[in-house]
Amino acid sequence: MSLSVRILGASGGIGPNRRTTSILIDEDILIDAGSGVGDLTLGELEQVRHIFLTHSHLDHIGFLPMLADMVYSPDAPPIQVHALPATLKALRDHVFNWVIWPDFTCLPSPERPLLQFQAIQPGQQVMIGSREIHILPALHTVPAVGYGVMHNDGMGFAFTGDTSSSGALWEALNTLPYLDLLMIESGLPDEMDGMADLAKHYTPHRLADDLEALHHQPRIAITHLKPGHESAIRRQLQQSRHASRMVLLEGSERFELHAQNRALKVG
Ligand SMILES: [Zn+2]
Ligand SMILES: [Zn+2]
């Protein structure tokens, strides 16, 4: 058995070959629904049964409405959308409000809708088949979480979502039983530290400092680089003593995690 982590989007913005945040776990679990979702085929979209959202920002939820519209099948059970109560409220109030998009939580019928919203909280775990999803606390400008995906066979992946420096996040990462691959943002370069503080994103310097608190030794996949600042962020990350374990995501990588062959990148 293996745990498949397919990066669909890992950019902090748009442009040629840039997609915003989305990750497919195996075939059935999506984490965030940014523009990377647009590269999935109809057949792949129809296999998604659970969507875990990190927060309400558009670059992470923007393609959820379109996904819902694509996958209608009268026989399929509702897709479960897991998120913080504040994120679900934002979706209800501002997206699925019959103005921006129809409310697919009561279509085609309230008894058997396309989407079902499930409220989650940091510290909680959700079991889906052989994978246990741990909800991690994150620190952003809106309520936000990250996710740890633990496979029964002893493989672990974690994604922080958008976050700034937070002791609670690193404590939670340290309590995960396994961590082979950590996907974390480093959205802004060091010279934009003031902006990073306001927008609650990591910079390479802040990330290098905080990685010292991590007890696991995972591969580190860096995401959410702001377009136009990629080369500066790359240069600054290379100064970290963890640089040899880092990979800067381009947005089309696939990782197969095996219990013995940890964080083997195959594509
Ligand atoms: Zn955000
Ligand atoms: Zn974002």
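Local charge for ALA76 was computed over the other residues whose Cβ lies under 13 Å away, with Lys and Arg +1 and Asp and Glu -1, and equals -1. Counting Lys and Arg as +1 and Asp and Glu as -1 over every other residue whose Cβ lies under 14 Å from the Cβ of THR87, the net charge comes to -2. Rg then Dmax, both in Å and based on the Cα atoms of the stretch 79-216: 17.2, 52. Taking K and R as +1 and D and E as -1, what net charge do the other residues with C-beta under 9 Å from the C-beta of GLY13 add up to? For residues surrounding GLY13, the net value is +1. When the chain is modelled as a GNM with alpha-carbon springs shorter than 10 Å, which of PRO77, PRO108, PRO16 fluctuates the most? Between PRO77, PRO108, PRO16, it is PRO16 that shows the largest mean-square fluctuation. Under 1.5 on a/c is rounded, so check that first for the stretch 79-142, then, if it is not, pick prolate when a/b is larger than b/c and oblate when it is not; a ≥ b ≥ c are the square roots of the alpha carbon gyration tensor eigenvalues. It is oblate, given that a/c is not under 1.5 and a/b is not larger than b/c.
Where does the stretch 149-243 land on the Kirkwood hydrodynamic radius, alpha-carbon pairs, in angstrom?
13.6
What percent antiparallel are the DSSP beta bridges of the chain, to the nearest 5?
55
Distance from the C-alpha centroid of the stretch 43-70 to that of the stretch 209-241: 27 Å, rounded to the whole angstrom. Please work out, to two decimal places, the log10 of the ratio I(q)/I(0) at q = 0.12 Å⁻¹ from a Debye calculation in which every Cα of the chain carries one identical scatterer. So the normalised log intensities work out to -0.67. Relative to its residue count, the stretch 1-143 spans a Cα convex hull of 123 Å³ per residue. Quick check: the angle from helix 85-94's long axis to the longest principal axis of the chain, C-alpha only, nearest 10 degrees? The two axes meet at around 60 degrees.
Bear in mind these aren't lab numbers, they're just calculated from the coordinates by the rules spelled out. Keep in mind the model is a prediction, meaning the values are calculated, not measured. Heads up, the Cβs are rebuilt from the backbone with ideal geometry, glycines too, and the neighbour counts pull from every protein chain shown.
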